[in-house]
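Structure first, commentary second.
Every number here is computed from the coordinates shown, using simple stated rules; none is lab data. A quick note: this is a predicted structure, and the numbers were derived from the prediction, not measured. Neighbour counts are summed over all protein chains in view; Cβ atoms, including those assigned to glycine, are modelled from backbone coordinates with ideal geometry.
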Amino acid sequence: MPFCPQCRYEYQAGMSRCPDCDVELVEQLSPEEELPPTGSLATVYIAKDMTEASLIKSFLEEFQIESFIGYDLGSAYPIGHIEVRVAEEHADEARELIAEFLRSPPENLEL
Ligand SMILES: [Zn+2]
């Protein structure tokens, strides 16, 4: 089935242009185009080390929130100030989830 790369609407076979966007339809939407727009990211958590940051990242991904880990590239070893960032539109949701997560972390977890 052809898709419009712009509005992502799926069309019937045989269509070649999206009448709404006036662009050529593509056979498949590439996974890259499903990523959130590379707009602004918001820092939702500052972790003390990479382990904690990865933990928060994988936790958010369970809720389909894509997250990114950022740190000061000037430091030899990233420690002490590792930011977990998400797309701005998910920031509020992510902060709530993290707060919830920190209130009741899974057992056997040292934060
Ligand atoms: Zn379209």
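In table form, for the structure just shown:
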| quantity | calculated |
| --- | --- |
| Burial ordering of Val26, Val84, fewest other beta-carbon atoms within 10 Å first | Val26, Val84 |
| Fewest-first ranking of Tyr71, Tyr45, using other Cβ atoms within 10 Å as the exposure measure | Tyr71, Tyr45 |
| Pairwise Cα inverse-distance average, inverted: Kirkwood Rh of the range 41-103 (Å) | 11.5 |
| Neighbour-count order for Arg85, Arg8, Arg95, fewest beta carbons within 10 angstrom listed first | Arg8, Arg95, Arg85 |
| Positive minus negative residues near Arg85 (Lys, Arg vs Asp, Glu; Cβ under 11 Å) | -2 |
